[in-house]
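As structure tokens, the structure follows; a few thoughts come after it.
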Amino acid sequence: MSQLPELLPYTLLLSGTAGLLYVVALLVVALVSVLASAQERRKDARTTLSILVRRRPR
């Protein structure tokens, strides 16, 4: 018998966790890019944010 039905919940949990961590990372970088007091830190955070949300051409 296939083990796919047994592994599916774990796969969904892992995918959901990875997605949640990605969203939290985006939120932290976005907050730093707005709230940081140093201009260089804000610039670095905006550059990182643009890398994280870069869209690839289809």
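The values are calculated or read from the model by the stated rules, or taken from the named source; none is laboratory data. Fair warning: this is a prediction, and the values are worked out from it, not measured in the lab. Glycine gets a Cβ as well: all are built from the backbone with ideal geometry, and neighbour counts include every protein chain shown. The accessibility values were calculated without ligands, DNA or RNA, using every heavy atom of the protein model including side chains. Shrake-Rupley method; radii C 1.70, N 1.55, O 1.52, S 1.80 Å.
Taking the criterion of being free of Cβ contacts under 8 Å to residues at least 60 places away in the same chain, loosely packed, with under 10 Cβ neighbours inside 10 Å and β-branched (Val, Ile, Thr), would at least one residue in region 40-52 satisfy it? Yes, region 40-52 contains at least one residue that is free of Cβ contacts under 8 Å to residues at least 60 places away in the same chain, loosely packed, with under 10 Cβ neighbours inside 10 Å and β-branched (Val, Ile, Thr).
No other residue among 27, 4, 12 is modelled with pLDDT under 85, open to solvent by 100 Å² or more (accessible area, probe 1.4 Å) and hydrophobic (A, V, I, L, M, F, W, C) apart from 4. Out of all the residues in region 34-51, which are within 21 Å of residue 19 (Cα to Cα) and touching a helix residue (DSSP H, G or I) at 6+ places or on another chain (Cβ under 6 Å)? Residues satisfying the conditions are 45, 46, 48, 49. Does region 9-21 contain at least one residue that is part of a loop (DSSP other than H, G, I, E, B) and aliphatic (A, V, I, L, M)? Checked against the condition, which is being part of a loop (DSSP other than H, G, I, E, B) and aliphatic (A, V, I, L, M), region 9-21 yields no hits at all.
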